[in-house]
Amino acid sequence: MLQSLKNIYNLGVKEIISLFRDWLMVILIVYSFSLAVITSSKSQPDSINRAAIAVVDEDHSQLSRALTDAFMPPMFIPARQITRSEIDPAMDRGEYTFVVVFPPDFQKDVLSGKSPEIQVNVDATRMTQAFTGSGYIQQILQQELQKFCKQKSIKPGASYVVRNRFNPNLTQSWFTSIVQLVNNVTMLAIILTGAALIRERENGTLEHLLVMPVTPFEIMMSKVWSMMLIVLAATAGSLYFVVEMYLKIPIEGSILLYLAGVALHLFAVTSLGIFLACLAQNMPQLGMLLILVFLPMQMLSGGNTPRESMPVWVQNIMLAAPTTHFVSFSQAILFRGAGIEVVWKPFLMLFVIGSVLFVISLRAFRKSL
């Protein structure tokens with residue numbers, strides 16, 4: 001038993017040394033946990049900038065002019081007055097992203113306690129501005145209407161209060177940077193473990209290991225723990241130096257608890273990396289298999305799109321994927337400050353999935369020798 005542990009340790013150290021001699025892999029690790037996280041947080045702006053907007057004012061009242069003037073730079077360019085007949089041709093030409101229409105007798109209806117409708121036409125082909133800008137327009141109109149009603153001592157027909165939990169300012173970079181980090185953990189773990197096995201096969205050193213007094217279990221376990229350690233250390237460094245120190249993103253939960261969950265996830269996906277490397281004969285084939293496996297896991301895990309919006313059968317199938325449970329406890333711990341009493345189920349599922357994948361990968365590894 002002690003000799004087996006010693007073999008696993010020594011072989012793992014060999015894997016770490018071999019990895020650091022591969023400077024391309026080192027660059028990939030550093031980039032994935034630093035610049036990739038930073039650029040992801042900066043690539044999608046938190047607010048719109050100089051969006052093209054026009055106004056159809058059929059009321060020409062004090063209130064409609066005040067609402068028009070509320071669309072100010074830098075979010076919007078100064079609103080241009082157009083007629084109703086110009087809406088469709090102008091939007092067809094792509095001149096405006098938003099066109100706001102104030103109906104006749106708008107101020108009169110507000111003063112009389114009615115709830116007149118304001119029409120907002122949106123060019124949805126400009127997806128980022130369309131989604132974000134519609135929310136800002138709604139907020140601006142609501143704030144200006146409440147201000148007007150307060151000045152006129154009128155009780156508004158309805159009011160609403162929005163409380164944003166976990167991200168009060170709706171800062172989009174808080175979400176995108178964490179999601180990028182979560183995705184990179186899975187991708188790097190599969191790549192590094194699979195590449196380590198294929199590197200042994202292509203260099204002919206795998207045959208050298210087989211003539212030594214080591215077992216396939218020891219060889220596989222050494223690759224799993226060494227790659228787990230490297231990715232886990234890179235994840236901890238990225239959370240502290242990139243996410244917290246550089247991007248100033250608050251981490252609500254326990255980082256140690258999160259890293260414990262990451263270790264369970266890495267146990268599962270490194271085993272998956274070994275399995276893919278057993279199927280592939282070379283690095284190009286591993287890359288193709290990685291695309292076929294990683295992209296569906298990433299897209300359907302719930303990181304970019306809530307699982308609740310997916311078909312039920314897709315949700316059920318994805319329960320067998322480690323990324324589903326990884327994303328679940330990552331969001332719970334990092335965003336909502338959840339403790340072990342909340343995330344113990346994803347932890348348990350990852351342990352079960354990892355154990356199954358390890359057994360399957362070990363059998364495939366033995367057959368490939």
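The values are calculated or read from the model by the stated rules, or taken from the named source; none is laboratory data. Everything numeric in this text was worked out from a predicted model, so none of it was measured. Every residue, glycine among them, receives a Cβ derived from its backbone with ideal geometry; neighbour counts consider all protein chains shown. Accessible surface is based on the protein model in full, side chains and every heavy atom, while ligands, DNA and RNA are left aside. Shrake-Rupley method; radii C 1.70, N 1.55, O 1.52, S 1.80 Å.
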Accessible area (Å², 1.4 Å probe, nearest 10) - Asp88: 110 Å²
Packing-based ranking, highest mean first, of 295-303, 90-98 given that Cβ atoms within 10 Å are counted: 295-303, 90-98
Distance in nm between pseudo-label sites at Ala364 and Asn282 (7 Å out along the Cβ direction from Cα): 2.0 nm
Helical contribution to [θ] at 222 nm, DSSP H n ≥ 4, -39,500 (n - 2.57), averaged over the chain, rounded to 500: -20500 deg cm²/dmol
Relative contact order of region 20-149, pairs being alpha-carbon contacts under 8 Å that are 6 or more residues apart, as %: 26 percent
Solvent-accessible surface ranking, highest first, for Arg84, Arg307 at 1.4 angstrom: Arg84, Arg307
Cα shape, region 72-159, gyration tensor, a/c 1.5 rule: prolate
Cα-based helix-to-principal-axis angle, 2-21 vs the chain, degrees rounded to 10: 60 degrees
Cα gyration tensor category, rounded, prolate or oblate, for region 289-369 with a/c compared to 1.5: oblate
Angle in degrees between helix 340-368 and the longest Cα principal axis of the chain, rounded to the nearest 10: 40 degrees
Distance (nanometres) between label positions extended 7 Å along Cα→Cβ at Leu111 and Arg50: 3.9 nm
Net length gained if the chain between Met310 and Ala70 were fully extended (0.36 nm per residue, minus Cα distance): 82.6 nm
Relative packing of 140-148, 61-69, which averages over residues the other C-beta atoms within 10 Å, highest first: 61-69, 140-148
Label zone at Gln139 (point 7 Å along Cα-to-Cβ), backbone N below 12 Å, region 64-81: 75
Acute angle (nearest 10 degrees) that the helix 216-237 long axis makes with the longest principal axis of the chain, alpha-carbon atoms: 30 degrees
Ordering of 12-25, 215-228 by burial proxy (mean other Cβ atoms within 10 Å per residue, highest first): 215-228, 12-25
Percent accessible area from carbon and sulfur atoms, region 295-369, protein chains only, probe 1.4 Å: 69 percent
Residue-normalised accessible area of the chain, given per residue in Å² at a 1.4 Å probe: 53 Å²
Potential extension, Trp344-Glu58 segment - 0.36 nm per residue separation minus Cα distance: 97.1 nm
Scattering profile of region 258-330 at q = 0.12, 0.16 Å⁻¹ [log10 I(q)/I(0), Debye over alpha-carbon scatterers]: -0.36, -0.63
Sulfur and carbon atoms: percent of accessible area, region 42-139 [1.4 Å]: 51 percent
Approximate spin-label separation Tyr31-Arg336, in nm, with each point projected 7 Å along Cα-to-Cβ: 3.6 nm
Sequence-distant lysines (8 or more away, or on other chains) whose Cα lies within less than 24 Å of Lys14: Lys6, Lys223, Lys367
18 Å reach of a label modelled at Asp88, 7 Å along Cα-to-Cβ, counting backbone N of region 55-70: 56
For the chain, size of Cβ-based charge dipole, Lys and Arg +1, Asp and Glu -1, in debye: 760 debye
Largest to smallest principal axis extent of the C-alpha atoms in region 190-325, angstrom: 50, 38, 24
All Cα pairs of the chain, percent lying beyond 30 Å: 53 percent
